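Readers should treat all values here as calculations from the given coordinates under stated rules, not as data from a laboratory. Bear in mind that the values here come from a model prediction, so they are computed numbers and not experimental data. Counting neighbours? That spans all protein chains shown, and the Cβs are built from the backbone with ideal geometry, glycine included.
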Amino acid sequence: MTRDGLMGRGKSLPWRWPEDLAHFKRLTKGHVCIMGRLTFESLCEQFGGPLKQRENVVVSREAKGGNQGELRDGGRWFASLEAALAWAGPVETQRAEAAGLAPEVFLLGGAQLFRSALTTLRPAPDALVVTWVPDVPIQPGDTVFPFRPPEEWLLREHRAARRWTSADGQLEFVVYERAR
């Protein structure tokens, strides 16, 4: 997202930087990725189907299937974020241990899912993984991240992109963790 929180336009990103997509793939590969219906649909359109080598979990009011979710369109659908997380936690722990990875569940968006996770979810997320993109007017957007990291979030990791830089700025990959 930009420093102003811009993160989307319609059903896509307002930019296309391969290093950002490669970073996202490295980070989420082998893990459970929870997203809203519109985000799932946009990823399927952009990549020709659900994200490969990840467990695609979709939160939608249209979902059925109770606490195991409904298998549909290459994803597991749940009616609430809480139900998706209740299912994903044990599944991710088992998958990660089998693959020798640390268990992590990723919330991919969109704005409504992020808002819910950051304002009402208990326990609240313990980390924010952000790619800061330069505030360049590449294309207008209509989806904004609903949150600015206040003092309760501390910068844990920072890495500047190696392959993408311009006079307008540089991609920055950061991780914030909740202050204890």
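Using a 10 Å cut-off around each Cβ, can you sort LEU154, LEU27 from fewest to most neighbouring Cβ atoms?
LEU154, LEU27
Which label belongs to the value computed from this structure, given these candidates for Cα extents along the principal axes in Å: (i) 42, 41, 30; (ii) 58, 34, 25; (iii) 50, 38, 31?
Checking each listed value against the structure points to (iii).
List the lysines whose Cα lies under 20 Å from the Cα of LYS29, skipping any in the same chain that are fewer than 8 positions away.
Qualifying lysines at Cα under 20 Å: LYS52.
Within the stretch 39-70, whose backbone N sits under 12 Å from a point 7 Å along Cα→Cβ of ALA86?
66-69
Take the alpha carbon atoms of the stretch 1-52, find their center, do the same for the stretch 91-135, and report the distance between the two centers in whole angstrom.
13 Å
Antiparallel as a % of all DSSP beta bridges within the chain, to the nearest 5?
Percentage antiparallel, nearest 5: 65.
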